[in-house]
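To keep things clear, I will list the structure first and then write my remarks on it.
The values are calculated or read from the model by the stated rules, or taken from the named source; none is laboratory data. Because the structure is a prediction, the values reported are computed rather than measured. When we count neighbours, we look across all protein chains shown, and the Cβ atoms used for this are built from the backbone with ideal geometry, even at glycine.
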Amino acid sequence: MATTQLNEFSKATENNSSFLKRSYIYQKERFPIAGHGLLITAFSFSAISYSRICRGLTDFVSMDIFLPGVFITISLFLLLRISDEFKDADDDAKFRRHLPVPRGLITFRELKITAIAAFISQLFVMAFCFPAMWSIYTIVIIYLLLMGKEFFIAEWLKKHQLWYVISHMLIVPLIDVFASGLDWKLAGANPPAGLIFFFTVSFMNGIVLEIGRKIRPAEEEQKGVLTYSSMLGPTRATVLWIAALSATLILSLLAASYANLGTTPIYLLIIFFILSSFPAILFIKNKNKKLAKTIEITSGLWTIAMYLTLGGIPMLREIL
């Protein structure tokens, strides 16, 4: 594994600042708490809400369950981000030298300490707030650790990109199982059958986000940085993104129908889909950096809108 070294992207004023300031810069670049926090909170709220709606309930879980649950889900995704820093260390040192670790902003030791602190915090929250969730939590942690080791078949996965993506995206519905379990598991009930639609939607949303952040015009491609536009060409990669978005729409419509959410969520999902498709269609006609970034942003907005439409808004309508 590469060691942290200073390079042409290093900034002495940043690297010599306090750990808190450097951590702030790191999260801003690699794990924006505001954006990720909003997305993951919507993800958790909707997973719980959808589970309760499918079980015929019209009230939400208590805040002493929901807020610790949001902490667990956000910190799980943070652990995933830190794990990727270690897993991708060599490639980052060679090809992505502008990133925080290669340029010396933050060290692997500091990331390791942060991960340990997050993990220990999770253990305390689990023990005091919902010990009944240990089995699901343990499965998620084991899968996360296996991801960090590329399931011990790293070379094979590099040669089979489809299986690489599938294996890494499965962590999303697994965390979804945990989030929804804050309803059914803590209630001692069986998981509603409709959750299979919701979990599949979560998996496809992960695909939408993954492809959306790796579409670039030809002039923005970087040596050694794997993107879908470099593998397939920008047009085919964008068509693939639209296909993933379409599959997510179909699955979300099935989820809405199963939960008997009515026609309004269905209309909203179709409208969100049409609006989300516009940047991709424009990018196919005019491939530039701004539109590529818009596709990435749209991927996140679509995900938030979809989650809120399936679970969040129907639940809020009931409890307000």
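Of all the helices (runs of 4 or more DSSP H) wholly in segment 141-252, which have at least 3 residues that are touching a helix residue (DSSP H, G or I) at 6+ places or on another chain (Cβ under 6 Å), at pLDDT below 95 and among the charged types (D, E, K, R)? Reasoning before the result, please.
Numbers: elements: 154-159, 161-169, 171-184, 195-212, 228-232.
Hits in segment 141-252: none.
Quick one: count up the residues across segment 282-291 that are in a helix (DSSP H, G or I), surrounded by 13 or more Cβ atoms within 10 Å (Cβ to Cβ) and out of contact with any Phe, Trp or Tyr (no Cβ under 6 Å at 6 or more places or on another chain). Spell out the reasoning first.
Step one: list which residues in segment 282-291 are in a helix (DSSP H, G or I), which gives 282-285, 289-291.
Within this subset, residues satisfying the condition of being surrounded by 13 or more Cβ atoms within 10 Å (Cβ to Cβ) are 282-284, 291.
Filter again for out of contact with any Phe, Trp or Tyr (no Cβ under 6 Å at 6 or more places or on another chain), leaving 282-284.
Residues meeting the conditions: 3.
From 103, 81, which residue is under 25 Å from residue 24 (Cα atoms), touching a residue at least 12 places away in the same chain (Cβ under 8 Å) and not in a helix (DSSP H, G or I)?
On the way: 81 fails: not in a helix (DSSP H, G or I).
Step by step, each of 103, 81 is checked, and only 103 is under 25 Å from residue 24 (Cα atoms), touching a residue at least 12 places away in the same chain (Cβ under 8 Å) and not in a helix (DSSP H, G or I).
Would you mind telling me which numbered condition in (1) surrounded by 22 or more Cβ atoms within 10 Å (Cβ to Cβ); (2) over 18 Å from the mean Cα position of the chain (by Cα); (3) closer than 16 Å to residue 272 by Cα; (4) not polar (S, T, N, Q) residue 216 fails?
Residue 216 satisfies every listed condition except (3).
Hey, among 45, 119, 86, which residue is at pLDDT 95 or above and either out of contact with any strand residue (DSSP E or B) (no Cβ under 6 Å at 6 or more places or on another chain) or not assigned by TED's automatic domain parsing to the domain that holds residue 298 (or both)?
Details: 45 fails: at pLDDT 95 or above; 86 fails: at pLDDT 95 or above.
Exactly one of 45, 119, 86 is at pLDDT 95 or above and either out of contact with any strand residue (DSSP E or B) (no Cβ under 6 Å at 6 or more places or on another chain) or not assigned by TED's automatic domain parsing to the domain that holds residue 298 (or both), namely 119.
Taking helices (runs of 4 or more DSSP H) that fall entirely within segment 4-67, which contain at least 1 residues that are touching a helix residue (DSSP H, G or I) at 6+ places or on another chain (Cβ under 6 Å), touching a residue at least 12 places away in the same chain (Cβ under 8 Å) and under 28 Å from residue 258 (Cα atoms)?
Numbers: elements: 12-15, 19-30, 33-54.
By residue number, 33-54.
For every residue, the table says whether it meets (1) touching a Ser or Thr at 6+ places or on another chain (Cβ under 8 Å); (2) aromatic (Phe, Trp, Tyr).
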{"residue": "9", "(1), (2)": "no, yes"}
{"residue": "15", "(1), (2)": "no, no"}
{"residue": "23", "(1), (2)": "yes, no"}
{"residue": "32", "(1), (2)": "no, no"}
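Taking residue 179 as meeting all but one of (1) assigned by TED's automatic domain parsing to the domain that holds residue 15; (2) in contact (Cβ under 8 Å) with a residue 12 or more places away in the chain, write down the number of the exception.
If we test residue 179 against (1) assigned by TED's automatic domain parsing to the domain that holds residue 15; (2) in contact (Cβ under 8 Å) with a residue 12 or more places away in the chain, just (1) comes out false.
With the requirement that a residue be over 21 Å from residue 279 (Cβ atoms) and out of contact with any Phe, Trp or Tyr (no Cβ under 8 Å at 6 or more places or on another chain), what does segment 224-258 give you?
So in segment 224-258, the residues over 21 Å from residue 279 (Cβ atoms) come out as 224-226, 251, 253-258.
Across segment 224-258, the qualifying residues are 226, 253, 256, 257.
Residue check: is residue 127 assigned to a helix (DSSP H, G or I), assigned by TED's automatic domain parsing to the domain that holds residue 11 and more than 23 Å from the chain's Cα centre (by Cα)?
Values: assigned to a helix (DSSP H, G or I): yes; assigned by TED's automatic domain parsing to the domain that holds residue 11: yes; more than 23 Å from the chain's Cα centre (by Cα): yes.
Answer is yes for this residue.
If I go through segment 263-298 residue by residue, how many of them are over 13 Å from residue 213 (Cα atoms) and of a type in the set (Lys, Arg)?
Of the residues in segment 263-298, 2 are over 13 Å from residue 213 (Cα atoms) and of a type in the set (Lys, Arg).
Do you know which residues across segment 248-275 are surrounded by fewer than 20 Cβ atoms within 10 Å (Cβ to Cβ) and of a type outside the set (Ser, Thr, Tyr)?
Initial filter on segment 248-275 (surrounded by fewer than 20 Cβ atoms within 10 Å (Cβ to Cβ)): 250, 253-254, 257-258, 260, 262-264, 266-268, 270-271, 274-275.
Residues satisfying the conditions are 250, 253, 254, 260, 262, 266, 268, 270, 271, 274, 275.
Can you tell me which residue in segment 36-65 is nearest to residue 191 (Cα to Cα), limited to those that are surrounded by 19 or more Cβ atoms within 10 Å (Cβ to Cβ) and aromatic (Phe, Trp, Tyr)?
My answer is 50.
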